[in-house]
Amino acid sequence: MTNVSASNKPVPAPERSTNPLDPTRPRAPNRRRAGRIIALIVIATLIALIPFIFKLSPYVLNIFMQAATYAIAVLGMTVVLGYTGQINLAQATFFGLGAYAVGLGTVVLGLNFWLALVMGIGVAALAGFVLGLTTLRLGGHYLAMITISFQQIFNLVLVNWSGVTQGPDGVSGIARPSLFGLRFSDDRAYLLLCTVFLYAAMYFVWWLPQTRTGRAMRAIRENELAAEVTGIDTLRVKVIAFTLSSALGGIGGALFASGFAYISPDNFDFSRSVEFLTMVLLGGAQSAFGGVLGTSLLIVLPEWLRFLKEIYLAVYGLAVILIMVFLPTGIWGLIRARLDRYKKPTPVDISAIATLDLDIPVTDPSPILSLENLEKHFGGVKAVDGITLEVMRGTVHTLIGPNGSGKTTMLNVLNGIYKATGGNIKFDGVDITHTKPHERAGLGIGRTFQNIRLFPLMSVIENVMVGAQRANNPVGDGQLALRERALSALKFVDMADHAERMVKNLPYGHQRLVEIARALAGHPSFLLLDEPAAGLNQTEKQKLGELLKRLKGHGLTVFLIEHDIGLVEQVSDTITVLNFGKKIAEGEPAYVLRHPDVMAAYLGETAHANA
Amino acid sequence: MPMLELRNVQSHYGNVQALKGVSLHVERGEIVTLLGANGAGKSTTLRNISGLIPPSSGDIFFDGKPINRISPEKIVRMGLAHVPEGRRIFPGLTVKENIMIGTTARGRLQRRQMEAEVEEMYGIFPDLRRLSDALGWSLSGGQQQMLAVARGLMSKPKLLLLDEPSLGLAPIIVQQLFATIRSIRSHGTTVLLVEQNANMALSVADRGYVLATGNVLVEGTPAQLLGNEEVRAAYLGGGKRALAD
């Protein structure tokens, strides 16, 4: 990849030549796919062989080597920043750890290169793991500051702990490795080795987003709170992202050290981290190709613009600003958008989708949820003020009350977004008062939000698949099982024909349905719905009412917040009324909706007349 | 000359066509409502009018002047306010500051007049008076919705676009809100209202349009629309049930 932009040779041509295959597209998607893969392999091989085909000066080979090793570290940034949305300004630290492991390991300790490489990856990954743990409490600009400090400490250690690191002088005389008796002392051979590593890293980073973990990463980027509530252990996934990212940084650094034979602390300082950041943003943070494209450009550009040397960092800064303003998805994002215009979504055969299995056996007569004297205070405000209630299995239990009476707060305490100030919550006989939201999702508590919380830059089906992959979901783990479950859930809410669309392009009401489908895909036994009818018209509300009744028929318990009294009356078995965080009435709809206190605080006069 | 006129407006999100040629008009002093299923293009129509999305073709006239190539800020200054769906309030400002910011487009106001107008909003939404010094983010969803509507009203526009103002409000507040919409009109503001609560919307509107997949399907008075069996069945919640509710 790196070499293409440098040489400007007619390498892209094969890609164009595959296009005449397009007319066969509608009939043979597999053949087209195979054609594309073959084309990609041909291009990749040609690029890797450029140094052997054309005569390149050692100087140019060095630049290519730099680009290839940097690009591996930048692919780490793709994982942590592009996929997971976590800022990392310490990638040069992990790059440096890999480099020093190889430098010191081979030169000082006399270890074999491959052993030192593995050590470097291990050390970098461990450091990334530790840094990832800090995201438990910190995010956004605080995380940025932590990573900067991490980077600075690393640099200070490199410079000052000269007994071990050889200080500012750095490590020199790092040898090239050999494999099966083959020595990579020739620059071209070593570059080929780097390219192979780069291709492997690219394949891994390209493959990752479609996996369970990759989807979880992107969900965290799009909406961390929703991801946690849907059942993703967000801390674990963020730590995985940091660990993978730093391991890639370590690989890049290890290859760099051996390639250039000499390393010193200033190869791995803060400005290098900023450079990695710029590369990934410039190229496009959300794709493996973007990271490599950005790296190539930013390594080759300065060579063309040598006269800029002194204001190098200023140019980087300017590039970041301009890209953020004009190309928020980077160069690859722009290319991607162009390509997507020609992509026709494969139509979904709705009749072939299996019916959604939602059955929850209702045999136990005990309440599924019981709250005892539940309290949630914000400073002096008692948003939930000593609520005791029981929700029976297989019923629709509705919470109503004036705006600001504590309904949504109560839901947030129920699924763990807020910690209760006092009291306790028992779910299915287990005390869950102190568990995390994703653990509650794992027990079968599903949730939708008042102000829709979907993953806007993911497709409809991906959103719902995230719901299907909660822990303990009886539907199975495989990609195919998740996909089928998601399609069934979409069919259940009548949205299967929108499966491949991007969520952010859907109208409000459809987004609501997708959110319900996401919750149902997790096969919940208990479903918290916060104003599901908001933004639906009368017809759609009636459909929703029927849907809720169907859910109840399957044995699900629904805990509902809703303002549409028609709907509430139609579906509720029990209604609880809140006012100022306290329960003011509870019982069957016919009783509660005619309760004078409820009419005065909530329903008002007209509704009174209608009811 | 109508206050607002749309002629064959088309609009796209990427390569998805959201409006396929919408023509409608709103006369001075009218309350007009747009009805239709989700995805019919109601919110998109409002966003095209207020300049948040430039239409891909067609013309929009406000007070006789074409506005389809004018920026949203300038359109606001011409006297057209848009209260979008989804509670866009300023989380770091107090409730009162949020309300006062609504007057920005009207230039500088006398302190006393400002206070009087804020007081008027508190009259409509008594909850907001109690929360006057609370920060925007600390409000519940329904309270934020009230605040967004109050801020829109403060710009005293010639034409007010309301996108689902009743979303997430308790029934008692919804009744007050619709009474307010009626009184806004009697103070000389024309209203274009998007609502899912069709029965409620038609109870205050002079005329309504029903949109379907980016086209205007029917236009008429509330009585005509309510009497149209097809419209009732498809968009207003079929038959007698809805009335009973």
Taking a straight Cα-to-Cα line shorter than 20 Å from B:K65, and setting aside same-chain lysines fewer than 8 residues away, one finds B:K74, B:K156, B:K158
FRET efficiency (A:V164, A:Q210; Cβ distance; R0 30 Å; to 0.05) is 0.10
The Rg/Rh figure for region A:510-611, Cα atoms and Kirkwood Rh, to two decimals is 0.98
Hull surface over four for the Cα convex hull of region A:221-358, reported in nm², is 13.5
Restricted to region A:525-611, the DSSP antiparallel beta bridge percent, nearest 5, is 50
Between A:I321 and B:T94, the two model label points (7 Å from Cα along the beta-carbon direction) sit apart by a distance in nm of 3.6
What the 10 Å binned alpha carbon P(r) of region B:172-224 shows, as percent of pairs per bin from 0, is 21, 53, 23, 3
Helix A:288-304 sits off the longest principal axis of the Cα atoms of chain A, rounded to the nearest 10 on a 0 to 90 degree scale, by 40
Put in order of increasing Cβ neighbours within 10 Å, starting from the fewest, B:F90, A:F94, A:F270, A:F197 give B:F90, A:F270, A:F197, A:F94
Ordered by fewest other Cβ atoms within 10 Å, a rough proxy for footprinting exposure, B:S71, A:S287 read B:S71, A:S287
Here region A:551-608 gives, from Cα atoms, an Rg and Dmax in Å of 11.9, 37
Within the set B:L167, B:L109, B:L24, GNM on chain B using Cα springs under 10 Å gives the largest fluctuation to B:L109
Largest fluctuation, B:A18, B:A201, B:A179 only, Gaussian network model of chain B with Cα springs under 10 angstrom, belongs to B:A179
Rounded to whole angstrom, the alpha-carbon centroid of region B:184-221 lies from that of region A:91-128 at a distance of 69
In order over region A:138-147: 3J(HN,Hα) from phi, Karplus 6.51/-1.76/1.60, θ = phi - 60°, whole Hz, x for each Gly or Pro, gives 10, x, x, 5, 5, 4, 4, 5, 4, 5
Its Cα gyration tensor gives region A:374-429 an equivalent ellipsoid whose semi-axes in whole Å, largest first, are 19, 14, 9
DSSP beta bridges in the protein assembly as shown: the antiparallel percent, rounded to 5, is 55
The Cα extents of the protein assembly as shown along the principal axes, largest first and rounded to whole Å, are 92, 65, 64
For the B:Q113, B:S183 Cβ pair and Förster radius 22 Å, calculated FRET efficiency rounded to 0.05 is 0.75
Out of B:G188, B:G51, B:G41, a Gaussian network model of chain B with alpha-carbon springs under 10 Å gives the largest mean-square fluctuation to B:G188
The convex hull of the Cα atoms of region A:484-532, divided by residue count, gives a volume in Å³ per residue of 74
quick shape note, region A:171-296: Cα extents on principal axes in Å, largest first -> 53, 33, 25
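Could you estimate the translational diffusion coefficient of region A:333-485 from the Stokes-Einstein equation, with Rh from the Kirkwood formula over C-alpha pairs, at 37 °C and 0.692 mPa s, in whole µm²/s?
On the way: Rh = 18.6 Å.
Approximately 176 µm²/s, per Stokes-Einstein.
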The set of residues whose placed amide H lies less than 5 Å from the amide H of B:V218, leaving out same-chain residues fewer than 5 positions away, is B:V210
Distribution output for region A:376-465: share of Cα-Cα pairs per 10 Å bin in percent, first bin at 0, values 13, 42, 33, 11, 0
Long-range amide H partners of A:L556, meaning residues 5 or more apart or on another chain whose placed amide H is closer than 5 Å, are A:I360
Over its alpha-carbon atoms, region B:1-134 yields an Rg and a Dmax in Å of 17.3, 50
Taking Cα atoms, the helix B:141-154 axis meets the longest principal axis of chain B at an angle in degrees (rounded to 10) of 90
Kirkwood-based Rg/Rh on the Cα set of chain B evaluates to 0.96
On each of the three principal axes the extent of the alpha-carbon atoms of region A:101-182, given in whole Å and largest first, is 49, 29, 15
Quick calc of log₁₀ I(q)/I(0), region A:39-174, Debye, one scatterer on every Cα, no solvent, q values 0.11, 0.13 1/Å, result -0.54, -0.72
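What's the longest uninterrupted piece of chain A once you rule out the trypsin sites (Lys or Arg not before Pro) that are loop residues per DSSP with at most 15 other Cβ within 10 Å?
Free of exposed loop sites, the longest segment is A:138-342.
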Sparse-neighbourhood loop hits (chymotrypsin sites (Phe, Trp or Tyr not before Pro), region A:480-538; DSSP loop; Cβ within 10 Å at most 11 others) -> none
Between the Cα axis of helix A:212-222 and the main Cα principal axis of chain A, the angle (0 to 90°, nearest 10) is 80
D (µm²/s, integer) via Stokes-Einstein for region A:421-580, Kirkwood Rh across alpha-carbon pairs, 4 °C, 1.567 mPa s: value 79
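Only the coordinates and a few stated rules stand behind these numbers; no lab work does. It should be emphasised that the depicted structure is a prediction, and the values quoted were computed from it without experimental measurement. Positions of Cβ are generated from backbone atoms using ideal geometry, with glycine treated the same way; all protein chains shown enter the neighbour counts.
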